[in-house]
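Just so it is clear, none of the values below were taken in a lab; they were calculated from the coordinates. Just so it is clear, the structure is predicted and the values come from calculations on it, not from any experiment. As a convention, Cβ positions derive from the backbone with ideal geometry for all residues, glycine included, and neighbour counts pool all protein chains shown.
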Ligand SMILES: NC(=O)c1ccc[n+]([C@@H]2O[C@H](COP(=O)([O-])OP(=O)(O)OC[C@H]3O[C@@H](n4cnc5c(N)ncnc54)[C@H](OP(=O)(O)O)[C@@H]3O)[C@@H](O)[C@H]2O)c1
């Protein structure tokens with residue numbers, strides 16, 4: 001599997017933290033070349049330095065805000081300029097903001113989620129797929145969906161709406177690129193312990209920690225391992241979707257806790 005990923009050019013949005021960072025390390029271990037983007041330059045630089053030291057592969061970073069169309073175009077353009085192609089897109093940048101019920105929702109929270117998870121993800125897909133369509137070998141597009149893209153829950157209406165939208169985008173893209181050697185898939189996790197909850201609760205670390213109290217959540221590395229498996233299949237095999245939960249989770253609000 002690893003030999004198929006060697007020297008592939010992998011572009012990761014949100015490559016500085018959590019799942020994106022774990023993907024960067026996993027692809028580097030497989031010998032791939034990397035372009036990582038996120039808004040904050042320091043964690044990006046730290047991730048790249050760790051990768052160079054541990055795996056010695058080529059890795060570039062660039063600040064990226066998927067909510068800004070020019071930033072996305074510059075990021076994808078810089079990848080092609082540096083590596084000449086893009087083989088794998090990990091369409092990962094995303095976030096939840098707040099847990100208010102819809103009647104109490106804040107415009108700013110809604111806008112951040114929709115602008116990042118839907119419009120931003122769309123911009124990234126458009127820019128990268130245009131490159132892949134020029135490559136006879138096509139490429140892989142893997143988006144970070146969520147269990148929230150299949151089921152809705154109280155306090156998560158807008159986040160769930162964005163992940164339902166991403167599922168529709170993924171399905172449409174798979175049909176639109178049929179016959180172009182472009183494999184389109186998603187991984188749809190339940191609870192993964194990253195900075196996700198800290199961002200959702202606007203920096204409240206105690207509240208974020210309490211989300212995983214008494215249970216064993218997934219790790220970012222668990223997700224990265226699955227994504228590397230998906231994209232490491234032979235060219236005629238397309239894994240469309242992986243739904244993955246902690247063993248301690250059986251639904252969005254169904255957990256085994258000690
Ligand atoms: N953790 C979970 O339980 C879970 C479950 C299902 C799905 N997911 C999905 O998995 C993806 C990754 O989440 P995570 O858990 O790894 O969270 P995380 O640890 O908070 O990482 C999110 C990453 O996205 C980047 N990012 C956020 N907004 C961005 C923007 N506007 N432009 C560019 N980069 C941006 C962040 O860096 P900067 O802040 O520096 O930009 C960071 O690198 C998200 O799409 C999330 O919805 C997570």
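Can you give the calculated 222 nm mean residue ellipticity of the chain, where each DSSP H run of n ≥ 4 adds -39,500 (n - 2.57) and the sum is split over every residue, rounded to the nearest 500 deg cm²/dmol?
-12500 deg cm²/dmol
Taking other Cβ within 10 Å of each residue's Cβ, how do 219, 61 sort, fewest first?
Neighbour counts put them in this order, fewest first: 219, 61.
Where does each of 109, 204, 68 land when they are ranked from fewest to most other beta-carbon atoms within 10 angstrom?
Values: 109 18, 204 12, 68 15.
Lowest count first: 204, 68, 109.
Kirkwood hydrodynamic radius, computed over distinct alpha-carbon pairs, for segment 111-179: how many Å, to one decimal?
12.9 Å
Taking the 0 to 90 degree range and rounding to the nearest ten, how far is the long axis of helix 69-83 tilted relative to the main principal axis of the chain, both from C-alpha atoms?
Rounded to the nearest ten degrees, it is 40.
Can you tell me, using C-alpha contacts under 8 Å and at least 6 residues apart, the relative contact order of the chain as a whole percent?
20 percent
Give me the number: length gained by fully extending residue 70 to residue 82, i.e. 0.36 nm times residue separation minus the C-alpha to C-alpha distance, one decimal in nm.
Working it through step by step, the gained length comes to 2.5 nm.
How much length would be gained if the chain were fully extended between residue 39 and residue 176, taking 0.36 nm per residue of separation minus their Cα-Cα distance, in nm to one decimal?
The span from residue 39 to residue 176 would gain 46.3 nm if fully extended.
Over the residues of the chain, compute the C-alpha Rg and express it relative to 2.2 N^0.38 Å. Could the numbers behind the result be given before it?
On the way: Rg = 17.4 Å, N = 258, 2.2 N^0.38 = 18.1 Å.
Against the compact-globule rule of thumb, the ratio is 0.96.
Can you grab the distance from the C-alpha centre of segment 88-107 to the C-alpha centre of segment 125-175, Å, no decimals?
Result: 14 Å between the Cα centres.
Got a sec? How would 206, 87, 248, 222 order by Cβ neighbour count within 10 Å, fewest to most?
206, 222, 248, 87
Which residues in segment 228-256 place their backbone N less than 17 Å from a point set 7 Å from the Cα of residue 152 along the Cα-to-Cβ direction?
The answer is 252-253.
Give me the distance in nm between label points sitting 7 Å out from Cα along the Cα-to-Cβ direction at residue 233 and residue 49, one decimal.
Roughly 3.9 nm, to one decimal.
Sorted by average packing, counted as other Cβ atoms within 10 angstrom per residue and highest first, what order do 189-200, 46-57 take?
Result, highest mean first: 189-200, 46-57.
Using the C-alpha atoms of segment 59-202, what convex hull volume per residue, in cubic angstrom, is computed?
Here the figure is 112 Å³ per residue.
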